[in-house]
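The values are calculated or read from the model by the stated rules, or taken from the named source; none is laboratory data. This one's a predicted model, so the numbers in the text were calculated from it and none came from an experiment. Every residue, glycine among them, receives a Cβ derived from its backbone with ideal geometry; neighbour counts consider all protein chains shown. Areas reflect the complete protein model, heavy atoms only, side chains present, ligands, DNA and RNA absent. Shrake-Rupley method; radii C 1.70, N 1.55, O 1.52, S 1.80 Å.
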Amino acid sequence: MLPASGQEIEIKVRNASISYNKAGDKNNPVIIFIHGFPFNKQMWNPQLEVLGQKFRCIAFDLPGYGSSETAEEISIEYYADVLDSFMHMMQIDKAVICGLSMGGYISLRAIVKYPERFSKLILCDTQCIADSDEARKKRYSTIEMIEKDGLGPFTEGFMKNLFTENNLQSNGSYVKEIKNTMLSAKPESVTATLKALANRIETCSNLNDIKIPVLIICGEEDKITPVKQAQFLHENISGSKLVLLQEAAHLSNLEQTELFNKAISEFMIL
Ligand code: MLT
């Protein structure tokens, strides 16, 4: 198990109940963490535990995941709106937003719609492109597979892309935890999100408008959102900082926790 962290609280926004963990002093600068697909807020426990000593850290479950429920259709657009409403409910005007993979897609969409909400942006193992036709087709065949066979085969296949070969083989506690998270996700949320991911719009054409400090982190062995996508973000967001982590794949915050947290700590005090 990942170490438990913070305090679980629930609020209502946009036809959803949002559950979140928090750590750190209310007077410290705020970092809001957005998880990837198909995980939940617990994937940020190692960040809340350590970074919560210096910053006010909040990780919430996107509607449909963990303990957050929704009556709305899932889309990246909806999730960006949820972020804005969540901040409103929490009485947080502006924050450092940190999103991993789908969390990054949401952040990149939210910064277009709600730029005033962002003081800094942290993009981890993510990209600005939309799905290619081929990727879209694959999402739809995955939906069919989940509808037929449940989450088991999907989880087995997806796990191989999340971690380095070594980390998968060692099967440490966070590898097991992520597998359990995936297996216990709601199949209908997973299939709805696959549709949302297939239909998301690109945000590359908005990168030039980002005028706040941006940190980009990517595991060198990431196969889902590879280093070349992180480099593209870096080249197109002026003044951004790029940190590549060795011996990490897609879930670099878990595979290289210390270096990941260090990169964020340093970026926060810039
Ligand atoms: C994620 O980790 O959020 C997903 O792998 C993103 C994707 O499939 O595009």
### Query
What residues qualify as long-range amide H neighbours of Thr164, i.e. H under 5 Å apart, gap of 5 or more or another chain, H built at 1.01 Å from N?
Ala249
### Query
For Ser132 and Gln231 in one chain, what is 0.36 nm times their gap in residues minus the Cα-Cα distance, to one decimal in nm?
33.7 nm
### Task
For a quick protection proxy, order the peptides 190-202, 33-45 by their average other-Cβ count within 10 Å, most packed first.
33-45, 190-202
### Task
Arrange the peptides 225-232, 62-69 so that the one whose residues have, on average, the most other Cβ atoms within 10 Å appears first.
62-69, 225-232
### Accessible area per residue in Å² at 1.4 Å probe, computed on the chain
44
### Message
For the chain, which cysteines have no second Cys with its Cβ under 4.7 Å from theirs?
### Response
Cys57, Cys98, Cys124, Cys218
## Note on the structure
Heavy-atom accessible area of region 136-270 with neighbours in place, 1.4 angstrom probe: carbon+sulfur share in percent works out to 50
### Task
Any chance you could check the Cα centroid distance between region 153-229 and region 46-103 for me, in angstrom?
16
### Message
Exceeding 18 Å between C-alpha atoms, which entries from my cross-link table qualify? They are Lys22/Lys186; Lys211/Lys262; Lys113/Lys262; Lys41/Lys179; Lys120/Lys241.
### Response
Lys22/Lys186; Lys211/Lys262; Lys113/Lys262
### Query
Leaving out ligands, DNA and RNA, what percent of the accessible area of region 30-133 is carbon and sulfur, probe 1.4 Å?
47
### Task
Take every DSSP beta bridge with both residues inside the chain and express the antiparallel ones as a percent of the total, to the nearest 5.
35
## Note on the structure
So, over other residues within a Cβ distance under 9 Å of Phe267, counting Lys, Arg +1 and Asp, Glu -1, the net charge is +1
### Message
Against the empirical 2.2 N^0.38 Å scaling, what ratio does the C-alpha Rg of the chain come to?
### Response
0.92
### Query
Is any helix in the chain, taking whole DSSP H runs, at least 18 angstrom long along its axis by alpha carbon and on average at least -0.5 on the Kyte-Doolittle scale, and which ones?
76-89
### Task
Determine the sum of side-chain charges near Gln231: Lys and Arg each +1, Asp and Glu each -1, restricted to other residues whose C-beta is under 14 angstrom from that of Gln231.
-2
#### Entry: Three-way shape call for region 13-152 based on the alpha-carbon gyration tensor, with the a/c threshold at 1.5
prolate
